Amino acid sequence: MNHADGRATETGPTIAMPEIDIATAWEAIADEIPDADALIHGDVVRSWADFESRAARVAGHLVAAGLGPDDKVAFYLHNGTEYLEATFGAFKARCVPVNVNYRYLEAELAYLLDNSDAAAVVVSAELVDRLGAVLGQLPAVRTVLVVGATDEHPVPDGSSAPWDLAAGVDDYDSAVAAAEPMARIARSADDLWFLYTGGTTGMPKGVMWPHRSLIGTSAATFRVIRSEVPSTAEGFAAAARTFHDTGRAIRLLAAAPLMHGTSGIAANGVLLSGGCVTTLSGRSFDADELCRTVQERRITQLTIVGDAFAKPIVDALEAADAAGRPYDLSSLRMIVSSGVIWSRPVKDALLGWTDAILADLLGSSEGTGFGTSVSRRGSSAGTAAFRLGEHARVFTDDGVEVEPGSGQVGVLAVGGPIPIGYYKDAAKTEATFRTFAGRVWSVPGDFATVEADGAITLLGRGSVCINTAGEKVYPEEVEEALKLHPSVHDANVVGLPDDRWGQAVTGVVELVGGAEDSEELRAEIVASTKEHLAGYKCPKHLVVVERIRRGPNGKADYRWATDTAVAATS
C-alpha cells in the first residue's frame with residue numbers, strides 16, 4: 001500500500017534510526033563550535049555561527065512569505081555557500097528542499113517545479129530568464145530569491161508579470177539581511193528532503209528522504225570517532241566537539257554539483273559531524289582549481305563522480321609536476337566516488353599521486369550503502385567489484401536471495417536508512433520500494449552477480465539493458481572493456497534495432513588525444529573487448545565522437561548516445 005503522495009506504507013521489521021531532524025542537529029553544532037569553518041566557496045568563508053545565523057534569516061523570509069511545514073523550496077542554483085545555508089533555512093522552517101538540475105531548460109524546469117509543488121525558488125541570477133519563461137505556468141510559486149545578481153543579470157522587476165508574485169522576487173543577500181531571524185521550533189524526523197533523479201528514461205522523479213534516513217546514512221562518518229549516530233541535539237554537539245578536539249574534523253571538497261546526490265548527501269553528512277563543506281567556484285569542472293583548493297584549504301575528503309572527474313585530476317597532477325609546480329595533496333585522507341563506475345586503471349593512476357583511500361561507493365538517489373570498493377596505494381580494487389553493504393542484498397525478481405558463486409543475476413537491494421518513495425507516484429514507489437523477506441527494500445534496478453567470496457560484480461541498470469539475440473548485455477560492463485584499450489578515453493554503449501539480433505550492441509567512444517580514427521583502429525578496439533567479454537557482449541558497431549556527453553554529475557546521457565549512434569549508422 002502507498003500514500004497518495006507516493007510514499008510506501010509497509011515498513012517491515014524496524015531498524016533503529018535517529019529520531020531527530022537535521023536542523024536541530026545543526027543548530028546544536030553551531031552552538032558548540034561557533035567559530036569553526038562550516039562553508040567555503042572561493043574567498044567566502046562562513047563559520048558555523050554565520051551558517052546558523054544566515055539560515056535563520058532565510059527561514060524568517062520563507063515564513064514571512066507564507067511558507068510553512070511541508071512547503072517545497074526549489075534550488076535552481078549553482079554551487080555556493082547559499083545552497084547549503086538556504087537548505088538549512090528551509091529545514092528550520094520545516095520546508096522541503098528540492099534540487100533542480102541547473103542545466104534544465106524551460107520544459108524540464110516547468111515540469112519539475114510543477115511536479116514538486118514548489119512554493120519558493122532560490123535561483124542563480126544567470127538562470128533567471130529561464131525561470132521567468134515558465135513562471136506564468138507555476139501559480140504555486142509565491143517567492144523567488146535571486147543569488148549573485150549583477151548588472152548583466154539583475155533581479156527582475158517584481159511589479160510586472162510573471163514576477164508579480166504573492167511575496168515577490170528579491171535579491172538573496174538583501175532578503176537575508178532584512179529578514180527577522182526565525183525562532184527555533186520543534187520539528188520531526190519525518191520532515192523531508194527531496195532528491196529529484198532524471199534516470200535514463202522518462203521525466204525526473206522526486207525521491208522522498210526523511211531526515212531520520214538522511215542522518216542514518218552518515219553512520220560510517222561517526223564510526224571514525226567510535227560513535228553511533230547521535231540521537232539527540234546534545235549528542236551531535238558532543239560528537240562535533242570530539243571530531244575537532246581529536247583533529248578528525250572533515251574538510252570536504254564537494255567537486256560535483258550539490259544538486260547531485262553524491263555531493264548533496266555527502267555534504268549533509270559532513271555537516272552533521274561538525275565538518276566543513278567547500279565547493280569550487282568555477283561554473284564548469286576545473287581540475288586545476290580542484291587541486292589548488294585541496295592544497296590551500298587543506299581538504300581531507302573529496303567527492304567526485306568516477307572517471308569523468310578522476311581522469312582530468314590525474315592529467316592536472318601530471319602537468320603540474322612536469323611544469324615543476326607539483327600540487328600538495330598530503331591533507332587528503334579519502335576520495336569518494338559514487339553514481340558511475342570508477343575504472344581500475346584510473347584509480348591506479350590517481351594512487352600514484354596520493355596516499356588517500358579511494359572509496360568507490362555503490363549508491364543511487366534511491367539509497368546508499370549498496371556496496372563499497374576500497375583501494376589504497378599498492379592495493380587497488382577492480383572495476384565494478386564491490387563488497388555488499390551492511391544492509392544490502394542481491395535478490396532474484398521473485399524475492400529469493402542470490403546464492404554466492406551461483407552465477408545467477410539478481411537485483412541489488414538495500415534496507416536500513418532508505419527513502420520512503422517517489423513524490424506523487426505510487427506506482428513507481430511500488431515498483432522500486434519492494435517487500436522481500438517481510439521488509440521494505442530500495443530496488444532501483446541495478447543488476448549484479450554475487451561471487452563465491454561474497455563480492456558482487458555490478459552489471460548495470462536494467463532500464464538500459466540491451467537484449468541481443470535473447471541475451472542480456474549491461475552497458476557499463478562493455479564500456480569498461482572498451483576503456484581498457486589505450487586509445488579509448490571514454491565510452492557509452494547502447495543497443496540499436498537490428499533485424500537479426502533484435503538489438504545490436506553499439507559502442508560510442510571518445511579517443512584519447514592524438515589518436516586518429518580509422519577503420520583499423522575501430523576493428524582493433526572491438527577485438528580488444530573479446531579478451532574480456534563473451535562474444536555476444538562485444539560491440540557489433542563502433543562510433544567515434546569528438547566528446548562523450550555527460551551531465552554535470554558525470555553520468556552518461558544514454559539518450560544522446562543512442563541518437564548519436566543511430567545518426568552515425570543510418
With +1 on each Lys and Arg Cβ and -1 on each Asp and Glu Cβ, how big is the dipole of the stretch 465-569 about its Cα centre, in debye rounded to the nearest 20? 340
Between residue 387 and residue 334, what is the FRET efficiency for a Förster distance of 22 Å, r being their Cβ-Cβ separation, to the nearest 0.05? 0.85
Restricting the calculation to Cα positions, tell me the Rg (one decimal) and the Dmax (whole number) of the chain in Å. 23.5, 70
Just grab the label-to-label distance for residue 289 and residue 244, each label 7 Å out from Cα along the Cβ direction, in nm (one decimal). 2.9
Can you give the three extents of the C-alpha atoms in the stretch 218-280 along their principal axes, from longest to shortest, in whole Å? 30, 22, 17
In nm, to one decimal, how far is the modelled label at residue 403 from the one at residue 323, with both set 7 Å along Cα→Cβ? 5.9
What trypsin sites (Lys or Arg not before Pro) does the stretch 286-360 have in DSSP loop regions with at most 15 other beta carbons within 10 Å? 298
Given all pairs of distinct Cα atoms, the stretch 48-210 yields a Kirkwood Rh in Å of 15.6
Quick one: give the max-minus-min coordinate of the C-alpha atoms of the stretch 142-204 along each principal axis, largest first, in Å. 39, 36, 22
Given points 7 Å out from each Cα along the Cα-Cβ axis, report the residue 396 to residue 499 separation in nanometres with one decimal. 3.8
I'd like the FRET efficiency for residue 296 and residue 105, computed as 1/(1 + (r/R0)^6) with the beta carbon distance as r and R0 of 35 Å, rounded to 0.05. 0.50
Fully extended, how many nm does the chain gain between residue 524 and residue 223 (0.36 nm per residue separation, minus their Cα-Cα distance)? 103.6 nm
When the charge dipole of the chain is computed with +1 at the Cβ of Lys and Arg and -1 at the Cβ of Asp and Glu, the Cα pointing farthest to the positive end, of 141, 48, 375, is that of 375
quick shape note, the stretch 465-569: Cα extents on principal axes in Å, largest first -> 38, 30, 23
Ignoring everything except DSSP H segments at least 4 long, calculate the 222 nm mean residue ellipticity for the chain; use -39,500 (n - 2.57) per segment, divide by total residues, nearest 500. -9000 deg cm²/dmol
Determine the gain in length on full extension of the stretch residue 379-residue 516; use 0.36 nm per residue of separation and subtract their C-alpha separation, reporting nm with one decimal. 45.9 nm
Between residue 185 and residue 549, what's the calculated FRET efficiency when r is the beta-carbon distance and R0 is 45 Å? Round to 0.05. 0.50
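Every number in this text was worked out from the coordinates using simple rules, so none of it is lab data. Everything quoted here is computed from the prediction, not taken from an experiment. Virtual Cβ from ideal backbone geometry, glycine too; neighbours counted across all protein chains shown.
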